[in-house]
Structure formats: structure tokens, C-alpha cells
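Encoded as C-alpha cells, the structure appears first; notes follow it.
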Amino acid sequence: MNRIPCPNCGSRDLEEFFYGGDATLKRPVESEVSIDVWHEFVYLRDNPRGSHSELWYHNVGCRRWFKLQRDTLTHRIIEPASDKEQC
Amino acid sequence: MNKINQQPMRLFHGGDIDRKRPINFLFNGRALQGVYGDTVASALAANGIKLVARSFKYHRPRGIYSAGPEEPNALLSITINGRKEVNARTTMVQLQEAMEVNSQNCFPSLAFDVGAINNLLSPVLVAGFYYKTFMWPGLKGWFFYEKIIRKAAGMGDTGLVADSANYELVHHHCDLLIVGAGLAGITAAIACAAKGLDVLLVEQHCVIGGRLSGHSQHQAWLTRAKQMISGSSNIKLLTQTTAFGAYDNNVFSLVEKTQGAALVDERLHEVVAAQCIMATGAIERPLVFSGNDIPGILLAGAAEQYLHRYAITPGQAIVIFCNNSSAYQVAVELQQAGANVLAVVDSRQQVDSELKQDLKQQLKSRDIELHQGAVVGKAIGVKFLKQVKIHDNDGNRLGRLRLSIDCDCLLVSGGWSPTVHLHSQAGGQLDYSEQFAALLPRENTSALQCVGSANGEFSFLATQQHAWQLGQQLCGQESTAIPVQLILDDTDAPYHVEALWSVPGPGKKFVDLQHDVTVDDIALAAREGYQSVEHLKRYTTLGMGTDQGKLSNINALALMAEQLSKSIVDTGTTKFRPPYTPVTIGAWAGNETGKHLTPTRRSPLHPWHQAQGSNFTISGAWLRPTDYRRQGESKREAAIREAAHVRQYAGIVDVSTLVKFELMAPMR
Amino acid sequence: MKLWENLSLELNYNTMFSPRGVMIVAQSDGGVDNLLKRGNAMRMHGVDAQWLSEAEVRHELRGVCANADARLPILGALKQPRAGTARHDAVIWGYARAASQLGVDIIENCEVLDFITQGDKVLGVQTSRGKILGASTALSVAGHSGHMAAKLGIKLPIESHLLQAFVTEPVKPLIDTVAVFSGLELYISQSDKGGLVFGGEVDGYNSYSQRGSFSRSRDVMKAAATYFPMISRLKVLRQWAGVVDMSMDGSPILDHSLHDNFYLNAGWCYGGFKGTPAAGWCLAHMIANDESHPLAKAFSLDRFKTGHLIDEPGTGPVPNAH
């Protein structure tokens, strides 16, 4: 993979980005005390071969996080980030 | 004195060279002369030098085999301006004044090489011999042998002196990248540029035109094409530039060899292209028969290049051995230029009906014998070719001996393999074509399309029309006709080929010339169970040389299929991976090396620290002071003195490197 | 290491195991501290480890860059002298032949499509060439553990990443050991054939594609050209990218607790090859006895829950940082 479509800056070189991993993970609430819940959030991953929802940070560009859908087998961007999906 | 006379194989006329500009160079210490426009290989050929190298394993004598990046033999070490390049593909290096060219992997000399004893040991050194031998007694035994093997292996000696070459990186963003400036690439480039597309046209050789370059018949066309290219502000042409990698998202890597013409020796181009056309042409395959590696044997298409581009005749008495129609033209052209072509040996049974009347007449009038349904069963010679034995083509066994012909040059043509490397690297699929006995691109995507012989279009007319249409299509324009001045005023004979993967019979038949992999080695690998093409490659080291299997892969694949009685499709092919041609680490790295490996950050107080005699340590991207040593003090003493001072009085610390924090985290 | 040393004779196949030593070069003061700590830990466990001064590193790595010319200096190195290289294909072929002689059927070109289960029991696998049933099923599919385990409904602390590697044209002996640089990462050695084999860090995003990114390949080249200024003139012949199981603590997972009759060997990150004989040994023990080998107990899956991580670099659960 060499290019990432940034919703603010357009298609840019991979070097400009920081990878944030699986975007489907939901951080448990502060009051959560179950080890199982935290264990799953911190360590376990679906790691799919195919469509993967993931976070990217454009650290030498707009400095925004965004979420996109990418195929981990072909590197095709299935769905680029929309404005709404900036976090 | 006529300088050209010193180059016995050079013709008095023709070629894309300047005979008035001689270039002096040394080959294994011997002073020779080439001319402006020569490659190192063509200069050697012009001087009648046949034996240029020794093979990797058996140290067998080898000569120049090709005229392009597929060269398996003529890999020499070249020193210029104190810079030494090992394993240089002499077919791709422009000759320069005062070059020192030396053979590698031979001791004490090229002509008498002690390592050639490996040739006699060859029954032991078969494919995979490493894995079965050198094991006793015990582990210690292998350690002992390994030391010797490591010394014997390796081709060039690169030495420990730092590389003095300069490298740099250039970025391009273009509408269209066209790889290959032959007939297809040039036609497509002109079609697109006229419509306003921003085109980057890339050619690996130093001149454009591909097979047409240097050809007197096509001179006028090429001149017009060059004018159209240079007249267009939309086309950027890069010559001596090889596209070596096709990566995801239509990112391509190219390497440009400036060869002394600039302050930079090699330049890496990283190209982001909206679309790409692969007009990469095709590579001719060798024919595999007993003694097929003797110096004096080379590809017919290469001989055509040497004739037209460099005005060189490849030998005094020439025989041509082919399984397809493309070599006939070479025979006629060589004879026209004054070379002595004795015979064409064609493995196909019925050639007569296919040949055009005028070509037949030309062969006859020029006394070129035609042997149909015949093969070269054996080539005779050691350091150079002396004779070829012509046999009947009898399918699976070697047929009756028809005659022997004394000759010093044998041109071979085993058909053409489209250069699909980049297409495949980019993820494109390949299909085996029975008609062309070659792998062809399965589908063209909108982002990357193959055209011309790279796409299995083996005729000038089809190539030019497809290239023009494609160019128009990419611009989203309605089709117009090709401008008259761009039409190539020549058509070529239709291309026919009948697969001939190896000639039966005894003797060493080399499939991979560089790594000395023979037909028997492939049979052995099949018997021992290394049948998957990936295993075959690793077990025999076939295609693992610096020619990266450009000449050997298809033949090996087909021979393995024969061994397994499977079709070529079922036997499978290996994946093409970057780089297409060997690329230096330096060029690939660009200029971000040494001190510039990563950015260096210095605090605003850096000069003050320096003035206090500080030493620095690396802390992330920053340089931070470690200690301020006074004369004679150790680091520890300085630290203790500093700590004591801080305890008793006060201290200052420069934390400007910590001032800026960047906190980043996505909202989950 | 002893398993490696005897492997060729045991398999009657020359794996070309070559104990030419492995050294990790420290390039910052922090790096020196870290490696010294690691070296001490190794020695406390009875493993050979030596500390090399800068001068000793320069003696062993001829031609390595001078500190004055480099962005990152060479300060010393941790060396394990008995470590080294082996010809990876030969190791596989040797094992395959030995296994075949012991009665193991090896089926090539046979893709496992799904597991066959009954309640909590794994009975076998459904493949592209039919059904295979067995008393035990072991999953040992480096790189693909994630999506294969998912077929059993198992989520693993693993991401699949790409690791690129490169090999140059063969040259006469230049580098006589295995060197790993800890600054801008590079590992490099020279094969018996003469080619330099080298690589760097993982590409850093989830991928099963075997196609690396160009910018990462350049990072590796930059490091190679910097640390060994004489090799930038050498030409690279091949580049490839493999899929590796990156576990969340950078250490492997050997576990038998997920299902009955089911054994997992995964998460070896980019270091699986060196563990081959030991991993095979422990996996065999686990399958035969339905319990972990004493040496492999610490590598169980529940360590992520109980907090007994084996996180050598201490970077936390970020696979691309290991």
C-alpha cells in the first residue's frame, strides 16, 4: 500500500500517516471493572482477511484522525473516510 | 590509419554510432577502442571478443548473449573514475573513455580458469548438491566446507571502500506513465500528449525506438517521431531509465542511470500515475540444446540490434537456429550488410508454405540454405564455437544427423516472451497462450494496460493501431485516425512459433546460463519431488541469478511440465517481484542516507552547549548534551562534578527539546 | 541452539546451519542500557551472550560506517556467538523428508476451508480437496492465524502484518555475521552464495497481501546504505513481502486450552524461523500429552488476561511497534 485518501487533503503518500489499527474497538466506560471486557478491548482483534475498518492519523498533514474501510488482502480502499467519519 | 579497422567486426557503414569519436578502454588489461554510441558489450563485440566471462558454478566460458537487460553472461566489473561496479550488465552500460572492464569469477585469468575444474566435477555438483553433500563428518565437516564455498561463491569483489557515487530521489505525479519507448510507447505518447495529458515516457536504453532504432529503413519514421515528442510540452521523456517496480495505487519506481552526464550517478524516480501503459515489448528466448552456452552463440534479435544500432556483425560464418518466423528477417539483413550467413535451421516441419515468396527468393539468391524440420543437436567448441551438428527434428528423440556446418556464430531464437513483469508485479494475472508459447497478460485494467508485443501483438500494424486507440481512449476522445507522419511505412511478416523447449539427446543443455542449470537438473528436481515451480526455483537456483530468470523461466516451466506430463497451465508459474532489473541499494535509498538518515533536531541552545565542550547523545530526533568534560576528565568524573555542583549550588538544564508535546488519539 | 546444531545430522539433510553469530548493535545510550540488561538476562538463564565494545563491533563488521559519518552512532553490541543462519528452504525440505519417512502425509496445494467441530471438540478440517479427520488438530499457519482461528470463533491477540526482505547480487565475502541495528532498523547477513540478505521493520498496517509498500522498502535501503557505505553500489535482485503474525506482546503463543483436541502455535512475529526446532518440539509435546511443555507454559494465551505478558521491548499492545 502506498497512498491513503485523506478526507481533508486528498490522496497522499503512506509515509505521511500514522496507523491507528482496528476502528471497531469501543473503549469501555471508565467505571468498567471486568477483566474480560478490558482484555478484549486491549488485546483481541478480529484481524480479518478482507474488509477492515481502521483508523488513520494524518500526522504531517491536517492532523486529523479518520476512519476508512480497506481490504487487507488486496489493499483496495473499499470506502474512503467521509467528513462524518473524522474523529 | 583507419581506426575502425582495429575493430574487426565493425562494419564501415550504418549504426547509431559516431565513428569519428573513438573511445579508449581496457579489457582485462588490454587496450581496446570503441566508438561513441557503443555499449561496453558492443565495443567488446566490435573488437571480436567472444569469451567475456565464466559461469557461476562450472566456470564454463561464456560470451555476450543478448543486447538488453536480460543478459545472463556478460556481467563484468567496470571501474571508471575510481568507482567500481561489479556484475555490471555490459549490454546496458554506455562505453566511456578510460573505463577499465574486467572479467569476474576466474583465476588466474579468463582464458585459463582453475575453477573450471568444477566443470569436470559436474556429476557431483548437480542441482541441490549442497543439501546432500558436505555434511560429513558431522557439523564440523560442514563448517569446514562452508568456508571454502563462501570464498568460491560470489561473483564480483566489491571491497570495503565506501561507495563514492551520488544518488537522489525525484517525485513525479502524472496523468499517464508509459513504460517503453518503442513503436507502441511512442505512438501512445503522441496520441495522449496531443490531447493535453501529462505524459511521462520512460525508456531503458539511451535511445528510443526499441527494435526500430538504428534500423536504416525506419530512420525517417524515428526522426519524425522524435520531433513530435520533443515538440510536445506534454511529454517528458526519460532515457536510460528503467521502470523496476509497480506497486499498489499505481505507484511506480524508476531508476535512471546518468552515466557521468550529471552530478548525480543514479536517480530514483517515484511516480504516482493516474494511468499507466506498459509498452515493454518482448524478450527473445534461447533454444536449449547440447553445448548451447559456447561463446559465439547468441540471440538472433540481439544480433539484429548489434547490426543496426552498432554496425557490428556477430561472426564470420553465421548459422541461425529458430522455431519461429522472426529470425528470417535477421538472416536477410545480416547478409545485406555483408555478413556471411550460411544457413537457417528451423525446427518447424512446414515453413515453406508460410514464407513469403520474396523472402524465399532472397534466401535463395543469397545462398542461405534453409533446413526445415531440423534442429541443432550439438554445438562443438570450448572457448568459441567451431561447428554445429544439424539433425532431423524427430520429436522426443534426437533425429538423424543431416550435416555438420563449420561456423563461428550461431544465432538462436526460441520465440518471444512478452515482458509482463510489471503487469504481474502490479497484481495482474497471466495466461499461457499455446499460439505464442508464452505467458500473456490476462486482462488490462483501466489503471494499467499492456500494449504491443507486451500484450502479444507481434506485428507493427496491430501494435500501432492498438497503441493509438488506447491513447485516444485514455483522453476520453473520439477516435481519430493516426496522423500520416506517424504511420510506420512498413509491415512485418506475421509471427508464427512452434514451441521447442529443448532438443533431445545427450550432453549439457543449459536452461539457466548464469547459474548453470541444465535440463538434467530440472529432471532431477522433478524426480526428487521438487515439482512445484517455487521449489524447483529454490532447489536448482534457476532464475535466481542477476538476470532474474528473464531468459530461463518459461523454458524451465515448460520442461518441468514435460517431466510431470502436465500442461504448463497446471504446472503454474512463479510470481514476478520487483525489481525488474537489479537496482543498486544506493539508488533505491536516494539521498536520505548517512547524516540525513533521519532528521536531526538541535535545541536553540545547541551552539552554547558546543561552546561549553559538550558531548551529545541521541534522544529521539534530538541531540541532547550528556556532559561537559574538562581537560583530562572522564565522562563519569564530569558527571560527578556536575552533580556535586548542582547539590551545592544550582544547575541549569536545557529542556527546550521537551517543550512541544503532540498528543494524538482517536476518539473511541 | 542444540536442536539447531544437530538438525542436519538428525534429518540427514544439510540445512547449511552456520553459527556465525548474531549481534544487535546499540545506537543510543538508552539502547546500550537495554541490550546490557537483555544480555544479563540471557546469561542468568545460561545462554551465551557477550558485550562487544565499539572497537570490537568495528573489527567484526568490516566496513561499517564511522560514527562521524552517520546520523546514529555505533556504541557497542550484544552478541550471541552460537546463533547464526540456516538455509530456510533446506530446513523445510529436510523436515518434510524426515516427516514423510516417519509416515506423515504432506498434502500440497490443499487449502483448509473450515474446521469440522462437534460441540467443543475439533474433529478435523474441510479442505479444498476433501475432508480430513484426526484425533488432534493443530493450527500452525504463521501469518494466517487470525482469519483461520476466526473460523472457530476465536479472537486472538494477533494482527497480520507485512515484513519485507531483500537479496542482492552475489559478491565475495563481505559480512561474516548476522548484524541487527536497533536505531533505524536493519538486519543483514550474507548467504553462502554471496548475496546479502536484509530487511527492516514490518510495514505497520494489517495486511495479508504479500505486497509491501515502496516507502518502507526505501527505509530499509536507507539504513543499509548508511550502515555499510560500501554496499550501496550493490544491486538488489529480489524483494518480497511475507505475512507475519504480530502478537500484542511480541512473543509467541503456544496453547491447548481453546478447544478439545485443538492446539495453537502462533504469534511468532518476524522471528518464527529461528524458533523452528524448539516450536516444533513443544508443539509435538503438547499434541502428544495434551499439556504444555514445561518450557512453553509461559507462552499460553491466558497471559494476556492474567497480565503475565512477555513484552521484551516493553512497547505495549501495539503490534507495529514490536
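All of the numbers you see were taken from the coordinates with simple rules; none came from a lab. Computed from a predicted model, the values in this text were never measured in an experiment. A quick note on method: Cβ atoms are made from the backbone with ideal geometry, for glycine too, and the neighbour counts reach across all protein chains shown.
Summary table below
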{"quantity": "For the range C:244-309, size of Cβ-based charge dipole, Lys and Arg +1, Asp and Glu -1, in debye", "calculated": "220"}
{"quantity": "Which of C:K172, B:K151 has the fewest Cβ neighbours within 10 Å, and the rest in rising order", "calculated": "B:K151, C:K172"}
{"quantity": "Relative contact order for chain B, counting Cα pairs under 8 Å that sit 6 or more residues apart, in percent", "calculated": "13"}
{"quantity": "Calculated FRET value between B:V170 and B:V207, using beta carbons and R₀ = 30 Å, to 0.05", "calculated": "0.85"}
{"quantity": "Angle in degrees between helix C:214-227 and the longest Cα principal axis of chain C, rounded to the nearest 10", "calculated": "40"}
{"quantity": "Whole-Hz ³J(HN,Hα) from phi, Karplus 6.51 cos²θ - 1.76 cosθ + 1.60, for the range B:349-363, glycine and proline x", "calculated": "6, 10, 9, 3, 5, 7, 5, 5, 4, 5, 5, 4, 5, 4, 4"}
{"quantity": "Sequence of C:C282, B:C450, B:C276 once ranked by neighbouring C-beta atoms within 10 Å, starting from the fewest", "calculated": "C:C282, B:C276, B:C450"}
{"quantity": "Hz values of 3J(HN,Hα) by residue in the range B:409-425 - Karplus curve (6.51, -1.76, 1.60), Gly and Pro given as x", "calculated": "8, 10, 9, 10, 9, x, x, 10, 9, x, 7, 9, 4, 5, 4, 6, 4"}
{"quantity": "Dipole of the range B:523-666 [Lys/Arg +1, Asp/Glu -1 at C-beta], most positive-end residue of B:P578, B:P607, B:W622", "calculated": "B:P607"}
{"quantity": "The range B:565-644 versus the range B:266-336: alpha-carbon centroid distance in Å", "calculated": "46"}
{"quantity": "Extreme residue, positive dipole direction of the range C:253-322, given options C:A266, C:A296, C:V318 (C-beta unit charges)", "calculated": "C:V318"}
{"quantity": "Relative contact order for the range C:171-255, counting Cα pairs under 8 Å that sit 6 or more residues apart, in percent", "calculated": "20"}
{"quantity": "Karplus (6.51, -1.76, 1.60) ³J(HN,Hα), θ = phi - 60°, over the range B:589-601, in Hz, Gly and Pro reported as x", "calculated": "6, x, 9, 8, 10, x, 4, 9, 4, 9, x, 10, 10"}
{"quantity": "Amide N proximity, the range C:201-224 versus B:R442 label position 7 Å along Cα-to-Cβ, cut-off under 20 Å", "calculated": "C:208-212"}
{"quantity": "Amide H contacts under 5 Å for B:A282, placed H, 5+ residues apart", "calculated": "B:T419"}
{"quantity": "Candidates per trypsin sites (Lys or Arg not before Pro) in the range C:120-152, loop by DSSP, up to 14 other Cβ within 10 Å", "calculated": "C:R129"}
{"quantity": "Residues with amide H under 5 Å from that of B:V511, placed H, sequence gap 5 or more", "calculated": "B:V517, B:T518, B:V519"}
{"quantity": "Beta bridges by DSSP in the protein assembly as shown, antiparallel share as percent, to the nearest 5", "calculated": "70"}
{"quantity": "Shielding of B:591-601 by partner chains, average beta-carbon count, 10 Å", "calculated": "6"}
{"quantity": "Shape category assigned to the range B:498-578 from the gyration tensor of Cα positions, a/c cut at 1.5", "calculated": "rounded"}
{"quantity": "Prolate/oblate/rounded call for the range B:280-350, Cα gyration tensor, a/c under 1.5 rounded", "calculated": "rounded"}
{"quantity": "FRET efficiency estimate (nearest 0.05) - Cβ-Cβ, B:K595 to B:R83, R0 25 angstrom", "calculated": "0.75"}
{"quantity": "Distance between the range C:1-39 and the range B:211-228 - C-alpha centres, whole angstrom", "calculated": "59"}
{"quantity": "Fraction of beta bridges assigned by DSSP in chain B that are antiparallel (%, nearest 5)", "calculated": "60"}
{"quantity": "Residue-averaged [θ]222 nm for chain C, counting only DSSP H segments that reach four residues, each worth -39500 (n - 2.57)", "calculated": "-8000 deg cm²/dmol"}
{"quantity": "Anisotropy class of the range C:1-73 from Cα gyration tensor, a/c 1.5 cut", "calculated": "oblate"}
{"quantity": "Relative contact order %, chain C, counting alpha carbon pairs below 8 Å whose residues are six or more apart", "calculated": "18"}
{"quantity": "Cα centre as origin, Lys/Arg/Asp/Glu Cβ charges: the protein assembly as shown dipole, Debye", "calculated": "2200"}
{"quantity": "Packing-based exposure ordering (other Cβ within 10 Å, fewest first) of B:D512, B:D163, B:D198", "calculated": "B:D198, B:D163, B:D512"}
{"quantity": "Potential lengthening between C:S100 and C:K2 on full extension [0.36 nm per residue; Cα-Cα distance subtracted]", "calculated": "33.0 nm"}
{"quantity": "Residue among A:W38, A:T24, A:T72 farthest towards the positive dipole end of chain A, charges placed on Cβ", "calculated": "A:T72"}
{"quantity": "Lysines whose Cα lies under 17 Å from that of C:K121, excluding same-chain neighbours fewer than 8 positions away", "calculated": "C:K131, C:K151"}
{"quantity": "Per-residue [θ]222 nm for chain A (sum of -39500 (n - 2.57) over DSSP H runs n ≥ 4, rounded to 500)", "calculated": "-3000 deg cm²/dmol"}
{"quantity": "B:D157 long-range amide H proximity, modeled H, under 5 Å", "calculated": "C:K172"}
{"quantity": "Check: the range B:465-544 dipole with +1 on Lys, Arg Cβ and -1 on Asp, Glu Cβ, in debye", "calculated": "380"}
